[in-house]
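A short write-up of the structure that comes next.
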Amino acid sequence: MLERTGEIGLRRALGARARHVSAQFLAESGTLGALGGLVGTSLGVLTVVGVALARHWTPVLHPGTVAAAPLVGLATGVVAGLCPAWRASRIEPVEALRR
């Protein structure tokens with residue numbers, strides 16, 4: 001967050017409220033979490049199918065688990081972003097622009 005202090009200060013100085021800054025941080029962390037969940041799910045499915053085909057097994061994938069994994073990634077990203085979002089929303093614009 002220290003790297004983005006100037007950006008946050010500028011947004012606040014231009015009229016962004018604390019909730020806008022919080023929403024931005026939560027959206028970014030949620031997006032990263034969801035993308036991580038999608039990539040992880042894709043790699044997991046490919047691994048299961050690849051191993052099953054190599055061993056002449058039938059791949060067994062529960063659709064609910066495959067569908068829920070990106071949502072778990074999204075939730076994890078949002079929860080992980082709560083503290084940084086709260087801290088970023090508390091930055092005073094004048095102090096942030098001085099740094």
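The values are calculated or read from the model by the stated rules, or taken from the named source; none is laboratory data. Small disclaimer: the values here were computed from a predicted structure and weren't measured. A quick note on method: Cβ atoms are made from the backbone with ideal geometry, for glycine too, and the neighbour counts reach across all protein chains shown.
General observations
- Within the stretch 48-57, the only residue that satisfies the criterion of being in a helix (DSSP H, G or I) and either exposed (fewer than 11 other Cβ atoms within 10 Å of the Cβ) or in contact with a Gly (Cβ under 6 Å, 6 or more places away or on another chain) (or both) is Ala54.
- Index of the failed condition, Ala88 passing every other in (1) out of contact with any Ser or Thr (no Cβ under 8 Å at 6 or more places or on another chain); (2) closer than 15 Å to Ile8 by Cβ: (1)
- Filter result (of a type in the set (Lys, Arg), under 18 Å from the mean Cα position of the chain (by Cα) and within 11 Å of Ile91 (Cβ to Cβ)) within the stretch 1-25: Arg4
- Cβ-Cβ contacts under 8 Å between residues 6 or more apart (or on different chains), taken from a first residue in the stretch 46-70 that is aromatic (Phe, Trp, Tyr) to a second residue that is at pLDDT 95 or above, are listed as Trp57/Val51.
- Top-ranked residue of the stretch 62-99 - restricted to ones that are surrounded by 13 or more Cβ atoms within 10 Å (Cβ to Cβ) and over 23 Å from the mean Cα position of the chain (by Cα), ranked as modelled with the highest pLDDT: Pro93
- Selected residue (only one of Arg12, Arg87, Arg17 is without any contact (Cβ under 8 Å) to a residue 60 or more places away in the chain, closer than 24 Å to Leu97 by Cβ and charged (D, E, K, R)): Arg17
- Filtered by the rule that a residue be in a helix (DSSP H, G or I) and closer than 12 Å to Val45 by Cβ, the stretch 61-80 gives Pro63, Thr65, Val66, Ala67, Ala69, Pro70.
- Subset of the stretch 9-46 (residues that are among the basic types (Lys, Arg), surrounded by fewer than 14 Cβ atoms within 10 Å (Cβ to Cβ) and in a helix (DSSP H, G or I)): Arg19
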